[in-house]
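The values are calculated or read from the model by the stated rules, or taken from the named source; none is laboratory data. The model shown is predicted, which means the values in this text are computed figures rather than measured ones. In this analysis, Cβ positions are derived from the backbone assuming ideal geometry, glycine residues included, and neighbour counts consider all displayed protein chains.
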Amino acid sequence: MRIPFQRFPTVFVRLTGRNGCLREYRALVSPATEYCILPKVDAYRLGYPEAARDEPVTEPPNLFRGVTFNGYWEGMLISVKEVAIGGVSRTNVDFIAFDLPQVATFDVILGRSFLNPSRLAIDYAGNEIRIGETEEKR
Amino acid sequence: MPASSPETREATFEQIKKEHPNLWVAVTVTKRDENGQPVAGKVVADDADRYRLRDQIIMHNDICIFFAGEPLYPLFL
Amino acid sequence: MRFKTSGPLMVFCRLVGPTGRVREVPAVLEPSFDHCIVLKGDAVQLGYPSVTYRQEDWQDVKPTEVSMVISIKGVELGTFINLKEVSIGALKAEDVSAVVTKAEFPGMITAAAFLGRSFLKHFKLEVDSASNTFTLT
């Protein structure tokens, strides 16, 4: 599957939630990111109430702490029923419900929890992403 | 764009980006390419705030959401 | 060039400053970053004294070298520098833009640099998670 991009490697990805609700987003493809990220409000809408941290005292079991170059951040770990880019589809993909800054203009980041075990190529000269199944899966 | 007057005209995503610049847009997809990537759709709602947009599309079970623009500053996500 | 990975795309890279000084540091490849990020200490030693100033102050002196940058934690100011050369083995790129931010990297991060699009745009990156390798050509 070859998908062109302009500035950032992005694809449109379809998420199907636990309640059958479907949401499609323009997602940033980031093989350097361990987990995928999704806004909390959408995680809730897709049928994952555990995305809301409504208990301020006890630490919930699905609390996730991440580290980035300028500090630590927290989100809630959920497992999205199905995630698909065209013909490439995965079930029970780990996402972190976390609100990226709105000024970033992206709601969703696709990390290794979705990209594994695919083969991904980012060709900056050709401005193209290639996503395909690995040899074993073929 | 008020939720009570949804657009019914199909437009390509390039046209949608030109007509709704720097806004979060919710679209029902009508056409896809060979990779399953959306190429055309009908705009259901748009807003400068991603949360207000969600309030406008709460009744939709299958919708595409994206920002019709580029980040203003360099990105390090 | 093919590398093994257990998760993060980590390599050793050589950063060269305008004075010719070299720092060889572990770096993470970040295709979703617009520019590279380097530590303030390394930038100073490589020959970029402007990074020692507060971004708010340096913005008044050289407004083109300071800009807002967007990260997962929000928006902050960063000082931009142009690394004379960045190389991973035989793969070299010249005049690579990089950012130095206020905060130092958290202790958990073992890398001393992040290589973003300003470096990666010269190459093609392939990640094969089945064999836990990635290739840069």
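Results for (1) over 11 Å from the mean Cα position of the chain (by Cα); (2) of a type in the set (D, E, K, R); (3) at pLDDT below 90, shown as yes or no for each residue.
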| residue | (1), (2), (3) |
| --- | --- |
| C:D34 | no, yes, no |
| C:D42 | no, yes, no |
| C:L46 | yes, no, no |
| C:S50 | yes, no, no |
| C:S87 | yes, no, no |
| C:V99 | no, no, no |
| C:L115 | no, no, no |
Any hit, segment B:37-45, residues being over 30 Å from C:A98 (Cα atoms) and facing another protein chain (nearest Cβ under 8 Å): yes
Residue check, C:K124 surrounded by fewer than 18 Cβ atoms within 10 Å (Cβ to Cβ), touching an Asp or Glu at 6+ places or on another chain (Cβ under 7 Å) and under 17 Å from A:V67 (Cα atoms): no
Filter result for the condition that a residue is at pLDDT 90 or above and hydroxyl-bearing (S, T, Y), over A:S113, A:S118: A:S113
Sole exception among (1) part of a strand (DSSP E or B); (2) under 28 Å from A:T105 (Cβ atoms) for C:L15, by number: (2)
Segment B:7-21: number of residues that are touching a strand residue (DSSP E or B) at 6+ places or on another chain (Cβ under 8 Å) and assigned to a loop (DSSP other than H, G, I, E, B): 4
Checklist (1) farther than 14 Å from C:A27 by Cα; (2) at pLDDT below 90; (3) within 9 Å of another protein chain (Cβ to nearest Cβ) applied to C:F105, failing item: (1)
Check on C:P31, closer than 25 Å to A:G111 by Cα, of a type outside the set (F, W, Y) and either away from every other protein chain (no Cβ under 11 Å) or in a helix (DSSP H, G or I) (or both): no
Answer residue from segment A:77-92, given it is within 12 Å of A:R14 (Cα to Cα) and buried (at least 23 other Cβ atoms within 10 Å of the Cβ) and is modelled with the lowest pLDDT among those: A:I85
Among residues of segment C:78-137, those that are of a type in the set (S, T, N, Q) and either touching a Pro at 6+ places or on another chain (Cβ under 7 Å) or assigned to a strand (DSSP E or B) (or both), counted: 9
Those residues of segment B:22-77 which are in a loop (DSSP other than H, G, I, E, B), more than 21 Å from A:P9 (Cβ to Cβ), touching a residue at least 12 places away in the same chain (Cβ under 8 Å) and not β-branched (V, I, T), in sequence order: B:N22, B:L23, B:A48, B:D49, B:H60
Single match in A:A121, A:A97, A:A104 (criterion: of a type in the set (A, V, I, L, M, F, W, C), free of Cβ contacts under 8 Å to residues at least 24 places away in the same chain, buried (at least 18 other Cβ atoms within 10 Å of the Cβ) and under 25 Å from B:V25 (Cα atoms)): A:A104
Unique match (being of a type in the set (D, E) and more than 9 Å from every other protein chain (Cβ to nearest Cβ)) among B:D55, B:D62: B:D55
Any hit, segment C:40-48, residues being more than 7 Å from every other protein chain (Cβ to nearest Cβ), in a helix (DSSP H, G or I), surrounded by fewer than 20 Cβ atoms within 10 Å (Cβ to Cβ) and polar (S, T, N, Q): yes
